[in-house]
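Readers should treat all values here as calculations from the given coordinates under stated rules, not as data from a laboratory. Computed from a predicted structure; not experimentally measured. Don't worry about glycine lacking a Cβ; one is built from the backbone with ideal geometry, like all the others, and counts go over all protein chains shown.
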Amino acid sequence: MSVLSYKEHLSSTKNAPHKPLTRGGKSTGGRNRFGRTTAFYRGGGVKRTYRLVDFIYNKKDVPARVEKIEYDPYHSAFIALVCYRDGERRYILAPKDMKVGDEFTVSATARTKTGNRTVLGNISVGTFVHNIELKPGAGARMARSAGSYAEVVAHDAGYTLLKMPSTEVRRVPSGAWASIGVVSNDENRLVSLGKAGRARYRGLRPKNRGTARNAVDHPHGGGEGRSPRGHRRERTVHGRPTGKGQKSRRPKKYSNKHIISRRKPGKIMGGKR
C-alpha cells in the first residue's frame, strides 16, 4: 500500500473548502434515473463534498491570484482556489508547480506561462497544454486528470494538431482554448491501494470474471463447469470487443475525421493498465 504526502503539495490539509463553491455530493451507485445499472462495479463509498470546478473560464482578461491549493475527492488532480481582481472566487484545476500567490490570466493575448489560458492558435509548437476544448467556448474536455497533458505538434489550415496522452494525434480548431502546463499530482498513477477496503471507500465494488457468470449476464458466461468463452474475441458485458489491442472505436464516429494518427494499444506512457 502506498499513499501521497499531501503536506508537500497542499496549502493546508485541514482547511475546509470554500463553502459558496460547494454542494452535497450524491452517489448514484452506477444507476440511472430508472434504477438500472449503467456503470458496473460502483456502490457505497464515503460521503464527499462536491466542489464546483470552473471548466468554462468565461472570465477573460481579468488577472487572478491563487489563494489555496486543495484536495478534491472527485478529481485525481489538485484544485486551486483563485481570486480574480474584481473579487470573485472560483475553483480551477491546479497545474503542476502552481503555488499560493501565483497569478495567471485568461486572455487571447496571454503569454506562454504555466497557468495562463489562451487560444491554441497562439501557442507555439512543443508546448504542453491541458484543459483543452473541443469547440471554442464549449468548456474544457480533454487532458484533465492528474499528470495529463497534450503536446502541440503543428498548426495547419485553421486547426491545431495535438498529441494526446494516449499517443493519439488529433486536430482541434485553433480557436479553442487551452491552459498552459501539466496537470498537478502526477504521482497519482504510482499509488497502490494495497487493500480492498481503500477501494470500497472510493465507491468501487469487486469485479468478477465474465466466465464466472450466467449466460444471461455476460457473453462469456454459462456452460457446464469451467468453459471457454465460445467465440474468438473478448467482449464486454454489452457484447462489444475489448482487450488485447482490439479496436473498439465505432467505424463511423463523427470525430474520426479529426484523428490524424490512432493511439497505440497496450501500456501507454509507462502507466499501469
- prompt: Once the principal axes of the Cα atoms of the stretch 123-273 are found, what is the range along each, listed largest first in whole angstroms?
  reply: 61, 38, 27
field: Added length on full extension, which subtracts the Cα-Cα distance from 0.36 nm per residue, Arg23 to Val125
entry: 32.8 nm
task: Give the order of Phe55, Phe34 when sorted by the count of other beta carbons within 10 angstrom, beginning with the fewest.
output: Phe34, Phe55
message: Which one, Gly203, Val216, Ala138, projects farthest toward the positive side of the charge dipole computed for the chain from Cβ point charges (K/R +1, D/E -1)?
response: Val216
- line: Over all viewing directions the Cα convex hull of the stretch 50-184 casts an average projected area in nm² of 7.3
statement: In a Gaussian network model of the chain with springs linking alpha carbons closer than 10 Å, the residue among Leu190, Leu161, Leu134 that fluctuates most is Leu190
message: If R₀ is 51 angstrom, what is the calculated FRET efficiency for the pair Ser107 and Glu224, using the beta carbon separation as r and rounding to 0.05?
response: 0.15
field: Flagged links, alpha-carbon separation over 18 Å, of Lys19/Lys68; Lys59/Lys163; Lys135/Lys252; Lys19/Lys96
entry: Lys59/Lys163; Lys135/Lys252; Lys19/Lys96
- prompt: Where does the longest stretch of the chain lie that holds no GluC sites (Glu not before Pro) found in a DSSP loop with 11 or fewer other Cβ atoms within 10 Å?
  reply: 89-223
message: Using all alpha carbons of the stretch 28-121, what is the percent of pairwise distances in each 5 Å bin, ordered from the shortest bin to the longest?
response: 2, 12, 20, 18, 14, 9, 7, 9, 7, 1
statement: With 0.36 nm assigned to each residue of separation and the Cα-Cα distance removed, Gln246 to Leu134 gains 37.7 nm
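If r is the Cβ-Cβ distance from Val3 to Thr167 and R0 is 45 Å, what FRET efficiency results, to the nearest 0.05?
Using R0 = 45 Å, I get an efficiency of 0.95.
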message: So if the hydrodynamic radius of the chain is defined as the Kirkwood radius over C-alpha pairs, what does Stokes-Einstein give as its diffusion coefficient at 25 °C and 0.890 mPa s, in µm² per second?
response: 116
- prompt: Among Ser174, Ser248, Ser27, whose mean-square fluctuation peaks in a Gaussian network model of the chain (Cα, cutoff 10 Å)?
  reply: Ser248
- line: If one builds a Gaussian network model of the chain from Cα atoms under 10 Å apart, the most fluctuating residue listed among Ala108, Ala140, Ala157 is Ala157
